Amino acid sequence: MEDKIEIKLNVNGREYEVAVEPRRNLADTLRDDCHLTGTHVGCEHGVCGACTVLMDGKPIRACLMFAVQAESTKIETVEGLAAGEKLHPLQQAFWESHGLQCGFCTPGFLMLAKGALAENPDMSDEEILDVLSSNLCRCTGYQNIIKAVRAAADVMRRDVG
Ligand code: FES
Ligand code: FES
């Protein structure tokens, strides 16, 4: 077994000190060492997007990144979305639009959409579709996920404006 390295991770504004093997990926580290199990692991090959988190505001596949690469960055996971009891507009919209069934893919879609809307709050339907096509959902048929992201974008634009 390789020696472990002590690293500090900033996740949802909180600092976590963990000891990881150099090859340990960020998704496993978040789940098993930081105990943030909201980030899901599906394919472990960068295909499904279930493990999507934000790194310095940009969506990344946490299964494709070593935890040591995440030092000195700001990571956001689904646990950081709600403000106490108040759901983030994306979470609220997924709920109201029935954008989830089993929910396995949902944390990844939420973080993907958050990153994309931060970059472009005025995405067209085609752009939303293009962004969301990078993640897989086996249950919903995608229509309600698209509807939820569109609805959340409207709310978030209104909140800012
Ligand atoms: S678990 Fe990371 S992309 Fe599927
Ligand atoms: S809601 Fe089940 S995989 Fe998307």
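If R₀ is 25 angstrom, what is the calculated FRET efficiency for the pair C102 and K4, using the beta carbon separation as r and rounding to 0.05? Please list the in-between numbers first.
Values: r = 34 Å, r/R0 = 1.37.
Once the sixth-power term is evaluated, E becomes 0.15.
Could you provide, to the nearest whole Å², the per residue accessible area of the chain with probe 1.4 Å? Could you put the intermediate results ahead of the total?
On the way: 8850 Å² over 161 residues.
Per residue, the chain has 55 Å² of solvent-accessible surface.
Can you check what the net charge comes to around A153, using other residues whose Cβ is under 15 Å from the Cβ of A153 (Lys, Arg +1; Asp, Glu -1)?
Values: positive: K114, K147, R150, R157, R158; negative: E96, E119, D122, D125, E126, E127, D130, D154, D159.
In short, -4.
Given the peptides 100-113, 57-70, 120-133, 74-87, arrange them by the average over their residues of other C-beta atoms within 10 Å, most packed first.
Values: 100-113: 22.1, 57-70: 19.6, 120-133: 13.5, 74-87: 15.5.
Highest to lowest by the protection proxy: 100-113, 57-70, 74-87, 120-133.
Using θ = phi - 60° and the Karplus relation 6.51 cos²θ - 1.76 cosθ + 1.60, list the HN-Hα couplings for segment 122-138 in order, rounded to whole Hz, with x at every Gly or Pro.
Each residue of segment 122-138 in turn: 10, 4, 6, 4, 5, 5, 4, 4, 4, 4, 5, 5, 7, 10, 10, 10, 8 Hz.
For segment 6-62 and segment 72-115, what is the separation of their C-alpha centers, rounded to whole Å?
16 Å
Classify segment 68-161 from the C-alpha gyration tensor, please: rounded if a/c falls under 1.5, else prolate or oblate depending on whether a/b exceeds b/c. Don't skip to the answer; put the middle values down first.
Numbers: a/c = 1.30, a/b = 1.16, b/c = 1.12.
Rounded, because the longest to shortest axis ratio a/c is under 1.5.
Would you mind classifying segment 36-101 by shape? Square roots of the alpha carbon gyration tensor eigenvalues, ordered a ≥ b ≥ c; an a/c under 1.5 is rounded, otherwise it is prolate if a/b is larger than b/c and oblate if not.
It is oblate, given that a/c is not under 1.5 and a/b is not larger than b/c.
Does the chain come out rounded, prolate or oblate by the C-alpha gyration tensor, with a ≥ b ≥ c the root eigenvalues, rounded set by a/c under 1.5 and, if not, prolate when a/b is larger than b/c and oblate if not? Before the final figure, lay out each step's value.
On the way: a/c = 2.11, a/b = 1.70, b/c = 1.25.
Because a/c hits 1.5 or more and a/b exceeds b/c, the chain counts as prolate.
Working out 0.36 nm times the residue gap between A118 and D32, then minus their Cα-Cα distance, what length gain in nm do you get to one decimal?
Details: separation 86, 0.36 × 86 = 30.96 nm, distance 2.84 nm.
Answer, rounded to one decimal: 28.1 nm.
Per residue of segment 31-36, in order, report the coupling 6.51 cos²θ - 1.76 cosθ + 1.60 (Karplus, θ = phi - 60°) as ³J(HN,Hα) in whole Hz, putting x for Gly and Pro.
Once rounded to whole Hz, the list reads 6, 8, 9, 8, 6, 9.
Using 0.36 nm per residue of separation minus the Cα-Cα distance, give me the extension gain between K74 and H45 in nm, one decimal.
Numbers: separation 29, 0.36 × 29 = 10.44 nm, distance 2.28 nm.
Length difference between fully extended and current span is 8.2 nm.
Of the accessible area of segment 1-124, with the probe set at 1.4 angstrom, what percent is carbon plus sulfur? Intermediate values should be presented prior to the final figure.
Working: 3160 of 6460 Å².
The nonpolar share, carbon plus sulfur, comes to 49 percent.
The values are calculated or read from the model by the stated rules, or taken from the named source; none is laboratory data. Since this is a predicted model, take the numbers as computed values, not measurements. Positions of Cβ are backbone-derived with ideal geometry, glycine not excepted, and every protein chain shown enters the neighbour counts. We work out accessible area using only protein heavy atoms, side chains counted, and drop any ligands, DNA or RNA first. Shrake-Rupley method; radii C 1.70, N 1.55, O 1.52, S 1.80 Å.
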